[in-house]
Amino acid sequence: MPGPSLAFQRLVGFPLAPLRLAVILAFFAALSCAATPEAPQLKLDDNAVPRRYTLNLTLVPGHDTFSGSVEIDLRVDKPSQLVWLNSQDLTIASVLWLTSAGRLTPSLTPEHHGFIGLQFDRPVSGEATLRLQFTGKVGLHSNAGIFALTEDGETYIYSMFETSDARRAFPCFDQPEFKTPWRITLHVPDSASAFANSPQESQEPENGGMKAVHFRESKPLPSYLVAFAAGRFETVDAGHVGPVPLRIIVPRGHSAAAGFAAKALPELLALEVKYFGRPFPYDKLDSLVMPISGFAMENAGLITYSQGLLLADPSGDTISRQRECALVAAHEMAHQWFGDLVTMRWWDDVWLNEAFATWMERKITGEWKPEWRIDVVGAESRLESMDLDSLVSARRIVQPIESESDIANAFDDITYEKGSAVLRMFEHYAGPDQFRRGVQFYLQRYEWGAATTQDFLAAVSEGAGIDIAPAFRTFLDRTGVPLVTMQLDCAAAQPVLHLSQKRSLPIGAPPAEPQTWRIPLSIRYSGGAAPRTFATLLASSHADVTLPATGCPAWLLGNNGADGYYRVRYGGDLLTRLLAPGGPALSVAERVSELGNALALVDTGDLPPSAALAFVPEFSKDPANEVVQQAMDIAGMLKGPDVPASLRPAAGRFISDVFGATAEHLGWNGRTGDNDDTRLLRRKLVPFVAEEGHDRKLIDAAESLARRWLNDRSAVDPEMVQPVLEVAARFGNRDLWDMVHNQALAEKDPAIQERLLGALGSFGDPSLAQASLDLLLTHEFDARETFRPLLFGPLDNPNTWDLPFAFVTAHIDQLLQGLPREVGDDYASELPATADNFCDPSRRRQVDDFFRDRVKSYSGGERTFLQTLETIDGCIARKKVLAPGFSRFLARY
Ligand SMILES: [Zn+2]
């Protein structure tokens, strides 16, 4: 709500003489006497700074309210009659201001967008203690603030505060820069156990079957990293790393499923301690399991994970799940240093947390299990983030935060994946040991405090011995992917490489302003007995470099090591020479990177579709499953919404021609002696051929296996349960829908329920897909579990990809009522993506008309809406340009 002066200016709309204006404003101020002062926008000022919190909370699982008191020791710098802090949806029963001079009882302004003001009769300043008593509601349908989850009839209480939800649990100064010690006491039923960031110090019985559990005072923490839990949990010992004890805390009856995590977590943590060259920052590390899917949070000393990530019944565990578990755990544990020990000052620098933890999760998991080839995951994720970064509506890594929507948008793939790819590029540019020394400087210098991007770049430059900031900044402060053209010129005695750069833009994008990056290029080329490498920083739009070689290189790789955040357009026949049979030896990550690069060049109009498709047969037989996946992605472009529907049958024949024999040989079930590559390839390739190649034998086998699995959970290789169910659903009938639906309702294990919901979202018969969408309007399931699989699942299939948008437009109000709507976790912001497969101007208009005004009230929605419009525009433009090429290629199938 704007203050009176703002509202007035907008109302009159013409300039007033200053004196008259002042008189009128005074009149308005008098009218609204003791008017509510204007609350801060988004951020508190730093006039009042918290120094220490003492927090008491009464948490009773099963009760839908909680109560508490908080004492905040603080300092007010400039004398002020008004002190702002954060509080949201809390009822405050009392407030006291205590100083050495006595006590005051300030009055409270009404809560406004998460802010409350303490109003004093006279200015206050200096040291004081603020004491508040309050009550609040336990969330039953959202994961923000203090909330409850139920598993096997038992209720557990959890907390989740990132980014701005600590204020829903207690009044506080809810900004990352304010780091203080916290002394927490939880009052819980006798039968429950209680956990917080620090180890338990003592406990004592209280009246009414309750007890008070006191926790040791914490190290300095921002409010968003405070965490606690209460309920009848079980605890699994996961050993020690140095003096630090590790535990896995699970819902009752699930201890046996924590075996893998209890072994993996301490080993991964020990590798991180070694990398950082300093001990784990906190006194203990608990890993707390929540019966919910797709969730993890790096609370200091008390990391929370969704159940399917951390736990698995040993008989049903899979290699994919174990990889996911290790990666996510390495990520959250890396945050204990990056984010927790040193915190970003404000959310515009959240990449310091998230890009770093993403980069670290791969480094550490790769070191722990080299056979998992985690470096390839980095190359795959970089390719995906480049697609997002190619949109004109993409964010920058360091994007100013001007609204709550900007905070919500900050947790996207640009922050996580582009950020980590850029870190990786500069790690290689600086040298891994030098980079690591810089990281260690940074942690030493800012430990227990807050820091900025500039602080990080300065520390890393110092460690590296070169100033990397100017080059690094070109990737942080602007959007877009550089496209580097490399043209080899062998006219002279020594070969010359002509280099140029511009922004890589998809077909149909509006022309962009010329921009240049400072790009660390790493190039490898043939040169006599062994390949040679060459590194340079390309800082201008054009450059010619003389390659140290005699004679013309037979081949040249433009992104050596697959570490560079840029695309390469090869001049002449360099690309064919690089990827042709009998070409040079490339690592798995390099093969993935080059095939992904070729696919991206089709989207930018720099490579004809047939040239990229020509690589598919050769790489469909690659020994590495990740490379076959890239070949599948290139073939998969023939199934996109930009391909005329009349070409789909021929596209299916091409896919089945190239991949069919391998898929049929692999079959749906694993065999003893299969290695990880074979198991992971089966999981990707067999459903692809069944669905996109319409392989009847594989489809029938999936249907019969799915029906067997619904009666007997051991009938299908655990690795293959999800693809079997999804393919069966895609071609399945009403009878199968009923069975899957009934079992999803009855299923207690969240990991299995997730697979059943995935199947419900995959039905290809439009009336059954509609029946699944309609479940979003009932209260049969928790909306947090059904929203993504049921609403977005139909987008994978041309028969059903129109349905989600039609469903959203028909039921928008009812749908919104059931969804979590917190800032940073507003499910409504994802709704525009239901139109991502539209590819014609009239549909685009419908999307624009429907969402343009609505997204203004969805936190983060305006940007996702613009991205959807741009995706549709790109599709319309590609359809025009590429369709002739697709037709020509498919003419022989
Ligand atoms: Zn993270």
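Miscellaneous remarks
- Close pairs from segment 455-472: first without any contact (Cβ under 8 Å) to a residue 40 or more places away in the chain, partner polar (S, T, N, Q), Cβ under 8 Å, at least 6 apart: Gly463/Gln434; Gly463/Gln440; Ala464/Gln434; Gly465/Gln434; Asp467/Ser461; Ala469/Gln454; Ala469/Ser461
- Of all the criteria given as (1) within 30 Å of Met290 (Cα to Cα); (2) modelled with pLDDT of 95 or more; (3) out of contact with any strand residue (DSSP E or B) (no Cβ under 7 Å at 6 or more places or on another chain), the one not satisfied by Asp121 is (1).
- Leu505 touching a residue at least 12 places away in the same chain (Cβ under 8 Å) and assigned to a strand (DSSP E or B): no
- The sole residue among Pro291, Pro314, Pro251 that is under 21 Å from the mean Cα position of the chain (by Cα) and farther than 27 Å from Lys179 by Cβ is Pro291.
- Comparison of Ser255, Ser315, Ser306, Ser293 shows that the only residue that is over 27 Å from Glu201 (Cβ atoms), in contact with a strand residue (DSSP E or B) (Cβ under 6 Å, 6 or more places away or on another chain) and open to solvent by 10 Å² or more (accessible area, probe 1.4 Å) is Ser293.
- Phe792 fulfils the conditions (1) over 19 Å from the mean Cα position of the chain (by Cα); (2) closer than 25 Å to Ile752 by Cα; (3) surrounded by fewer than 17 Cβ atoms within 10 Å (Cβ to Cβ) except for a single criterion, (1).
- From the options Ser306, Ser381, residue that is away from the ligand (no atom under 12 Å from the Cβ) and at pLDDT below 95: Ser306
- Test: residue in segment 770-777 that is closer than 19 Å to Glu691 by Cβ and modelled with pLDDT of 95 or more: yes
- Residue in segment 435-444 that is touching a residue at least 60 places away in the same chain (Cβ under 8 Å), within 25 Å of Met386 (Cα to Cα), open to solvent by less than 20 Å² (accessible area, probe 1.4 Å) and of a type outside the set (Val, Ile, Thr) present: no
- Among residues of segment 325-355, those that are within 14 Å of the ligand (Cβ to nearest atom), over 21 Å from Glu447 (Cβ atoms) and open to solvent by 10 Å² or more (accessible area, probe 1.4 Å), counted: 2
- Number of positions in segment 526-560 that are open to solvent by 30 Å² or more (accessible area, probe 1.4 Å) and assigned to a loop (DSSP other than H, G, I, E, B): 13
- Inspection of segment 757-766 identifies at least one residue that is of a type in the set (Ser, Thr, Tyr), in contact with a Gly (Cβ under 6 Å, 6 or more places away or on another chain) and free of Cβ contacts under 8 Å to residues at least 40 places away in the same chain.
- Any chance Thr358 is touching a residue at least 24 places away in the same chain (Cβ under 8 Å), open to solvent by less than 10 Å² (accessible area, probe 1.4 Å) and within 11 Å of the ligand (Cβ to nearest atom): yes
- Ser593 open to solvent by 10 Å² or more (accessible area, probe 1.4 Å) and out of contact with any strand residue (DSSP E or B) (no Cβ under 8 Å at 6 or more places or on another chain): no
- Selection count where residues are more than 16 Å from Ala883 (Cβ to Cβ) and crowded, with 20+ Cβ neighbours inside 10 Å, scope segment 621-638: 10
- Which numbered condition Ile319 misses (of (1) at pLDDT 95 or above; (2) over 25 Å from Ala144 (Cα atoms)): (1)
- The one condition in (1) modelled with pLDDT under 95; (2) over 30 Å from the mean Cα position of the chain (by Cα) that Arg577 fails to fulfil: (1)
- Residue check for Ala257: within 18 Å of Glu361 (Cα to Cα) and either touching a residue at least 60 places away in the same chain (Cβ under 8 Å) or not in a loop (DSSP other than H, G, I, E, B) (or both): no
- Just one residue in the set Gly583, Gly605, Gly572 is touching a residue at least 24 places away in the same chain (Cβ under 8 Å), within 20 Å of Gly508 (Cβ to Cβ) and open to solvent by 10 Å² or more (accessible area, probe 1.4 Å); that residue is Gly605.
- For segment 361-378, residues that are more than 16 Å from the ligand (Cβ to nearest atom), touching a residue at least 24 places away in the same chain (Cβ under 8 Å), out of contact with any Gly (no Cβ under 7 Å at 6 or more places or on another chain) and open to solvent by 20 Å² or more (accessible area, probe 1.4 Å) total 5.
- Glu267 vs. criteria more than 16 Å from the ligand (Cβ to nearest atom), of a type in the set (Asp, Glu), open to solvent by 40 Å² or more (accessible area, probe 1.4 Å) and outside any strand (DSSP E or B): yes
- Number of residues in segment 803-825 that are under 25 Å from Glu691 (Cβ atoms) and surrounded by fewer than 18 Cβ atoms within 10 Å (Cβ to Cβ) equals 1.
- Some residue of segment 391-403 being within 30 Å of Phe260 (Cβ to Cβ) and open to solvent by 40 Å² or more (accessible area, probe 1.4 Å): no
- Residue within segment 226-243 that is within 16 Å of the ligand (Cβ to nearest atom) and either open to solvent by 20 Å² or more (accessible area, probe 1.4 Å) or touching a strand residue (DSSP E or B) at 6+ places or on another chain (Cβ under 8 Å) (or both) present: yes
- Of all the numbered requirements in (1) of a type in the set (Lys, Arg); (2) crowded, with 17+ Cβ neighbours inside 10 Å; (3) in contact with a Phe, Trp or Tyr (Cβ under 9 Å, 6 or more places away or on another chain), Arg653 misses one, and that requirement is (2).
- The residues in segment 399-433 that are within 16 Å of the ligand (Cβ to nearest atom) and among the hydrophobic types (A, V, I, L, M, F, W, C) can be counted, and the count is 7.
- Of the helices (runs of 4 or more DSSP H) lying entirely inside segment 608-658, those containing at least 2 residues that are among the small types (Gly, Ala, Ser) are 609-613, 625-636.
- Only helices (runs of 4 or more DSSP H) whose full extent lies in segment 782-866 are considered here, and the ones with at least 2 residues that are modelled with pLDDT under 95 are 783-792, 803-817.
- Qualifying residues in segment 279-298 (those that are within 19 Å of Arg788 (Cα to Cα) and in a strand (DSSP E or B)) - the one farthest from the ligand (Cβ to nearest atom): Met290
The values are calculated or read from the model by the stated rules, or taken from the named source; none is laboratory data. Everything quoted here is computed from the prediction, not taken from an experiment. For neighbour counting, all protein chains shown are included, and Cβ atoms are generated from backbone atoms with ideal geometry for every residue, glycine included. The area values use the complete protein model at the heavy-atom level, side chains included, leaving out ligands, DNA and RNA. Shrake-Rupley method; radii C 1.70, N 1.55, O 1.52, S 1.80 Å.
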